[in-house]
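Take a look at the structure set out below.
The values are calculated or read from the model by the stated rules, or taken from the named source; none is laboratory data. Just so we're clear, the structure is a prediction, and the values are computed from it rather than from any experiment. Neighbour counts run over all protein chains shown; Cβ positions are idealised from the backbone, glycine included.
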Amino acid sequence: MIRHAFAPCLLFVAGILLSHAALGADPLDAAPEGSFSIVVIPDTQGYLGQGTKRTPDSTDPVTNPVFDNHVRWITENLKSQRIVFVSHVGDIVDKNNKNEWAVARNCLDVLHGKVPYSLTVGNHDMKGSGDSTLFQKHFGAERFREFPWYGGAFEPTRPTPEFSGNNANSYQLFSAEGVDFIHLSLECNAPDDVLAWADALLTKHANRRALITTHMDLGILEEPKTKEGFIHDPKGRMRWTKNHGKRGNTAEQMWDKLYRKHENLGFIFCGDQSRCTAMKLESKGDHGNTVHSYLSDYTSSGPLRIYRFLPKENRVQVITYDTTLNEVTTTTEYVKDKAEHQFSVPYQLTPASPRS
C-alpha cells in the first residue's frame, strides 16, 4: 500500500522536475526581420538497424533518426529561422553501403526543392582511394541541375570520374537580403585539380561573398597515435589526410593553395573530428581579410549549427541547436564551454559586395 501511495507523488515530482528542466532550457528565438540563416548539418553517421556500426546485431531496417530530425526541423523552420541555404559537412553515411545511402537519399528528399543545399563528401562517403561512386549514384549532378542556384560541379579531365567527379565537388549561387554568395563544397582532401577549379570559380565570382564547406579543416594537427590523442593532442588546421593517397591535400595545404588567396572568402565549415566536436579559428588571408573557420561534429547526435547573419549589425550569430531535444546546446562531453557552442562574430555585411 505504501508503494502505491508514493507512486502518484513520485510521478508528480518527476513531472515538476521535467517541467523545470524544460523551462530552464534556453529557447531558440525567431530570426529577426532583415536577417537570414545558413544551417550547417554536422556528420550524420548515426545509422541504426541491420549491419550498422551502432546496432550490429539488429535485424531491423536501417534508419537514421537524427538525420531525419535535422531535415524535418529545417523544413518546418524555414520561415521562422529565415533559412536560405543548408550545407552538410560530409560523412553523410558511416559505412558507405547502398542501405545507408538509400536512407540518406530519403532524408535529403525532405529538403529537395524546398531550400538550396549542398553536400560535401567526407572520408566515410568514399573509399580511401577517393572513389565516391555510391555518393555520385545517389547525389550526382543530374539531381541538382534543374535548380537555378546550382552552379555546377568539377569534372575531371582524367578518365576516372569516380574520383572527384559528378558532384563530388560542387558550387552554389544564392542571395539573401541583397547579399550575393558563392558556396563551394570540396571533398575531403581535395586534390590539386579540384583546388584549381575552385580557385578559378572564386576569382570569377570575386564580387560575391564566398563560403566553403569541406570535411577536414580543423581538428587534431597531426594524425594521432593513440585513442587519447584524438581528444588531447594539439589542435589547429590539420596536417594529415585520409583520402586520395599522395594526391590528397591536407587542410593546411588547402589553406595555402586556395583559401588564403581570396579576399571574398569569409567562412569555412567542416566536420570529421567528433572528439574535438566544436572548434573555431580566425585566420588572415593574403588581402587582410578575416577567414572564420568552424568545426561542428556533434558525434552524430542531435545538434546542428545555425549561422544567423545580421546585416544591420554586421555580425553573425552562431547557434548550436539540438533538433532531437528541441533546445540550444550549451555543453557536450568533450567541449564543456558554452562559448564554443553559442557565440557571435563580427562580419561586415554592408556594403553588400566584399569589394565595394
- Task: Mind listing whichever residues of the stretch 155-174 are under 20 Å from the mean Cα position of the chain (by Cα) and without any contact (Cβ under 8 Å) to a residue 12 or more places away in the chain?
- Result: none
- Collect the residues in the stretch 84-126 that are charged (D, E, K, R), without any contact (Cβ under 8 Å) to a residue 40 or more places away in the chain and part of a loop (DSSP other than H, G, I, E, B), keeping them in residue-number order. LYS114
- Message: Restricting to the stretch 324-356, give me the number of residues that are touching a strand residue (DSSP E or B) at 6+ places or on another chain (Cβ under 6 Å) and either modelled with pLDDT of 95 or more or charged (D, E, K, R) (or both).
- Response: 10
- Note on the structure: Picking from GLY219, GLY151, the residue that is crowded, with 16+ Cβ neighbours inside 10 Å, in contact with a Leu (Cβ under 6 Å, 6 or more places away or on another chain) and assigned to a strand (DSSP E or B) would be GLY151
- Query: Can you spot a residue in the stretch 278-289 that is closer than 25 Å to GLY122 by Cβ and crowded, with 22+ Cβ neighbours inside 10 Å?
  - Reply: yes
- Item | Identity of the residue in the stretch 325-337, surrounded by 14 or more Cβ atoms within 10 Å (Cβ to Cβ) and among the polar types (S, T, N, Q), that ends up farthest from PHE36 (Cα to Cα) | THR332
- Set GLN253, GLN317: member being more than 17 Å from ILE41 (Cα to Cα) and outside any loop (DSSP other than H, G, I, E, B): GLN253
- Task: Looking for whichever is touching a Lys or Arg at 6+ places or on another chain (Cβ under 7 Å) and in contact (Cβ under 8 Å) with a residue 24 or more places away in the chain here; the options are TYR294, TYR307. Which one fits?
- Result: TYR294
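Quick grid of which residues meet (1) assigned to a strand (DSSP E or B); (2) among the charged types (D, E, K, R); (3) within 25 Å of ALA176 (Cα to Cα); (4) more than 20 Å from the chain's Cα centre (by Cα):
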residue	(1), (2), (3), (4)
ASP29	no, yes, yes, yes
GLU33	no, yes, yes, yes
ILE38	yes, no, yes, no
ASP43	no, yes, no, no
GLY46	no, no, no, no
THR55	no, no, no, yes
PRO61	no, no, no, yes
PHE67	no, no, no, no
ARG72	no, yes, yes, no
- Item | Some residue of the stretch 204-216 being under 25 Å from GLU340 (Cα atoms) and part of a loop (DSSP other than H, G, I, E, B) | yes
- Item | Among (1) surrounded by fewer than 20 Cβ atoms within 10 Å (Cβ to Cβ); (2) under 20 Å from LEU134 (Cα atoms) - the single one SER170 does not satisfy | (1)
- Message: Restricting to the stretch 127-154, count the residues that are more than 19 Å from THR44 (Cβ to Cβ), touching a residue at least 40 places away in the same chain (Cβ under 8 Å) and among the small types (Gly, Ala, Ser).
- Response: 4
- Query: Give me the pairs: first residue in the stretch 55-69 and touching a residue at least 12 places away in the same chain (Cβ under 8 Å) and farther than 19 Å from ASP322 by Cα, second residue assigned to a helix (DSSP H, G or I) and of a type in the set (D, E, K, R), beta-carbon distance under 8 Å, and six or more apart or on different chains, which are they?
  - Reply: VAL62/GLU100
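Looking at the stretch 247-262 only, could you name the residues that are of a type in the set (A, V, I, L, M) and under 14 Å from HIS287 (Cα atoms)?
Passing the criteria: only LEU258.
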- Message: Quick test for you: out of PHE144, PHE181, PHE85, pick the one residue that is under 20 Å from the mean Cα position of the chain (by Cα), buried (at least 21 other Cβ atoms within 10 Å of the Cβ), aromatic (Phe, Trp, Tyr) and farther than 17 Å from ARG305 by Cβ.
- Response: PHE144
- Note on the structure: A careful count of residues in the stretch 279-304 that are among the polar types (S, T, N, Q) and over 14 Å from PRO42 (Cβ atoms) gives 4
- In the set GLU313, GLU333, the lone residue that is farther than 17 Å from GLY266 by Cβ and of a type in the set (D, E, K, R) is GLU333
